[in-house]
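Everything below concerns the one structure shown next.
Just so it is clear, none of the values below were taken in a lab; they were calculated from the coordinates. What you see is a predicted model; the values in this text were computed from it and never measured. Cβ atoms come from the backbone with ideal geometry, glycine included; neighbour counts cover every protein chain shown.
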Amino acid sequence: MTNFDPSHAYAKILDAQDELAELRQEFIIPEPELIYLDGNSLGRLPHRTAERLQEVVSEEWGQGLIRGWNANWFEAPNRVGEKIALLVGAAPGQVIVSDTTSINLFKLVMAALRARPGRQQIISDVLNFPSDLYILQGCMELLEKKHRLDLLPSEDGINPDLCALEEMIGPDTALVTLSHVVFKSGYLYDAQVITELAHRAGALVLWDLSHSAGAVPVELDAWNADLAVGCTYKYLNGGPGSPAYLYVRKELQDTLQLPVWGWWAQHSPFDFDLVFTPAQGMNRFLVSSPPVLSMLAMESSVEVLLKVGMARLRRKSVSQTEYLIALSDHYLAPLGFTLGSPRSSVQRGSHVSLRHTEGYRINRALIEAMNLIPDFRAPDNLRLGIAPIYTRYTEIWEAVQRIRRVVEEKIYERYSTKRLAVT
Ligand SMILES: *Cc1c(COP(=O)(O)O)cnc(C)c1O
């Protein structure tokens, strides 16, 4: 970053120049001293979402009762899907809210593999979120072990080996499925290039956007993507366990066969036909009654992001992650931290991992003694999530000082190396 200066005064100047600074007021921030750098795992709660949830509970459910379905709920998976579509570069009729990310991945992987009969190879990478890899393994088991899973290697645990992809991919490739932004290092794939490579081999592509949507620009239509899934409780601030979404390119929708046939995917569920006939379009990708409370809360949170637009959010995110890396080089590198993320912002999402042999205990000490919440990803990544919509530059500066103190004053030594259930 140009003009970088490690002083607190400089952080204040950056906040003063921040054209998105006011957006922080959209969020409930009860403890201003608490620095929250974990919006990449669970986003903060917007005021309007808290109010909306209250309204849905007391009015739409409490008073409206079953009438809520016709009034507002039945169409919500499509309606909320269209709002998310605006954040992921999808024309109408291609995104729907349903289930969880892992379940959606299962549905689409099974459908994709069936759409490429005879092809036996699935490609992903060793940096992918384990749940995604587990789902793939489970699908292979269900399909009688006819497929093999080839994972792109990564020498440094930060960047995938893209040359390996060109060597691996070929006429036997059924599906390439990757996380657009990698959960540990924050590596950001060039989705357009990968998609084209896969299409040249006749394979389908499925992107997991969990760490991308709301954090980096996503252009599913422009990439010519086939399929995508993503979660809404990270940068979309949907709330714990809020429902996920999925994208299916228009031309594929009526050709794919889903592995779970539920009544919400039936062409007219309230005819109560005894035989399943799938709906046209995106409704075919639903299964069951949606979790209305969390879906409507999430809708309200997504609207906050729509007010800003991804281009401006990305600009601030890049500026803030660059600032964090510069501060880390200055204050933390001498204490044994190394960068666990790509240095170039072109290849980086909106979080920065700092590696340290004592990463786990440092994370515990930061949360319990320093009023700073990052998270830890084994073996040694202290992961600092920047949610540009509410993160301040002075918070980033202060976070780096707190990390420095935990190491310099050996505060982390008070904590056990024994892992908690959720890190
Ligand atoms: C967060 C995340 C998920 C979440 O999966 P759930 O099914 O919601 O628990 C899946 N994949 C990736 C890449 C993620 O980052």
Descending semi-axes in whole angstrom, ellipsoid equivalent of the chain, from the Cα gyration tensor: 37, 27, 19
Acute angle (nearest 10 degrees) that the helix 393-408 long axis makes with the longest principal axis of the chain, alpha-carbon atoms: 70 degrees
Over the chain, relative contact order from alpha-carbon pairs under 8 Å, at least 6 apart, %: 22 percent
Positive-end residue, the chain charge dipole about Cα centroid, Cβ charges, pick of 328, 387, 257: 328
Span from the the range 36-103 Cα centroid across to the the range 228-276 one, whole angstrom: 14 Å
With Cα atoms, 0 to 90° folded angle of helix 191-200 axis to the chain main axis: 40 degrees
Nonlocal Lys pairs with alpha-carbon distance under 23 Å, the chain (8 or more apart, or different chains): 17
Relative contact order (%) - criterion: Cα under 8 Å, at least six apart; region: the range 1-103: 15 percent
Net dipole in debye of the range 33-89 [+1 Lys, Arg Cβ; -1 Asp, Glu Cβ; about Cα centre; nearest 20]: 140 debye
Sorted by Cβ neighbour density within 10 Å, fewest at the top, the residues 292, 97: 292, 97
Among 94, 37, 349 the positive-end extreme of the charge dipole of the chain (Cβ point charges): 37
Candidates per trypsin sites (Lys or Arg not before Pro) in the range 125-194, loop by DSSP, up to 12 other Cβ within 10 Å: 145, 146
Cα→Cβ-extended label distance, 7 Å offset, between residue 142 and residue 254, nm: 2.5 nm
For the range 129-258: rounded, prolate or oblate by the Cα gyration tensor [a/c cutoff 1.5]: rounded
Folded to 0 to 90 degrees: helix 8-17 orientation relative to the chain principal axis, Cα: 40 degrees
Cα shape, the range 338-415, gyration tensor, a/c 1.5 rule: oblate
Loop GluC sites (Glu not before Pro), the range 22-56, which have at most 15 other Cβ atoms in a 10 Å radius of their Cβ (DSSP): 33
Theoretical ellipticity at 222 nm over the chain - DSSP helices of four or more residues, -39500 (n - 2.57) apiece, nearest 500: -10500 deg cm²/dmol
Whole-Hz ³J(HN,Hα) from phi, Karplus 6.51 cos²θ - 1.76 cosθ + 1.60, for the range 227-233, glycine and proline x: 9, 7, 9, x, 9, 10, 8
Selection of GluC sites (Glu not before Pro), the range 77-147, meeting DSSP coil and at most 14 other Cβ within 10 Å: 144
Taking 168, 370 and counting other C-beta atoms within 10 Å, the order from fewest to most: 168, 370
Global form of the range 64-141, assessed from the alpha-carbon gyration tensor, a/c cut-off 1.5: prolate
Simple Cβ-charge dipole of the chain, Lys/Arg +1 and Asp/Glu -1, about Cα centre, in debye nearest 20: 400 debye
The range 254-404 - percent relative contact order, Cα under 8 Å, separation 6 or more: 19 percent
